[in-house]
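Colleague: This structure is in structure tokens; I'll ask about it shortly.
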Amino acid sequence: MSTAVLTISSKNYGAWALRGWLMARFAGLEFTEHVISPDDPAMKAEMLLLSSSMLVPSLLHDGIKVWDTLAIGEYLNELKPKAGLLPTDAKARAHCRAICGEMHSGFGSLRGSLPMNIKAHFPGFKLWSRAQADVDRVKEIWAECLSSYKGPYLFGKHPTLADAMYAPVVTRFLSYDVPLDRACAAYAKAIMALPAMQEWVAAAKAEPDEIDELDAEF
């Protein structure tokens, strides 16, 4: 019987929730979900980028509580070292941590302009310049990793923490019709084909809850 509980928010809007959930899946950790309604004021503030704290996702395992997505990833890597959440090569491992950290602390314009909304699709969506710079940087990261480690995932044949961190960006690029070159499009396809992603997307599409502020095209 699982002793792990992962607290998450909306599967349609919760980018950080998706990251933590994928990390736990990639680790092979058995867990139950505790879902906080997007109507909860604290959760709504986080998803609308109005909160300075990021308390979801949160993992409770064997009496240990871990929040913040990067901390969850590092904890799971220690707990399940054979799962390959981080590359075995020291140089690749440092690279993986660096791009995870960049996603964790950066890309504010991308988050604000392209909030995660799996059920939505905005053909021909127009990006403002700062968001475009973030998009270009993400594509640069992907291209470098795919060239260096030969795909189909960012660090080779198996998904890592980096893929969990960038998976919500894949959904954003699809929702907002962001053009991708062949290599980046193939990466996005590989991410969306993961059984865990297909499960998450199906659950997101079945959610009845809506947050009007995140359903507007702007």
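Please treat every number below as a calculation from the coordinates, not as lab data. Being a predicted model, the structure only gives us computed values, none of them experimental.
Colleague: Determine the shape class of region 169-212: with a ≥ b ≥ c the square roots of the Cα gyration tensor eigenvalues, call it rounded for a/c under 1.5, and otherwise prolate if a/b is greater than b/c, oblate otherwise.
Modeller: Oblate, because a/c is 1.5 or more while a/b does not exceed b/c.
Colleague: Does region 102-218 come out rounded, prolate or oblate, given a ≥ b ≥ c as the square roots of the eigenvalues of its C-alpha gyration tensor, rounded meaning a/c under 1.5 and, failing that, prolate meaning a/b above b/c?
Modeller: Judged from the Cα gyration tensor, region 102-218 comes out oblate (a/c at least 1.5, b/c at or above a/b).
Colleague: Return the calculated 222 nm mean residue ellipticity for the chain, to the nearest 500 deg cm²/dmol, obtained by summing -39500 (n - 2.57) across DSSP H runs with n ≥ 4 and dividing by the residue count.
Modeller: Value at 222 nm, helices only: -16500 deg cm²/dmol.
Colleague: How large is the convex hull of the C-alpha atoms of the chain per residue, in Å³?
Modeller: 118
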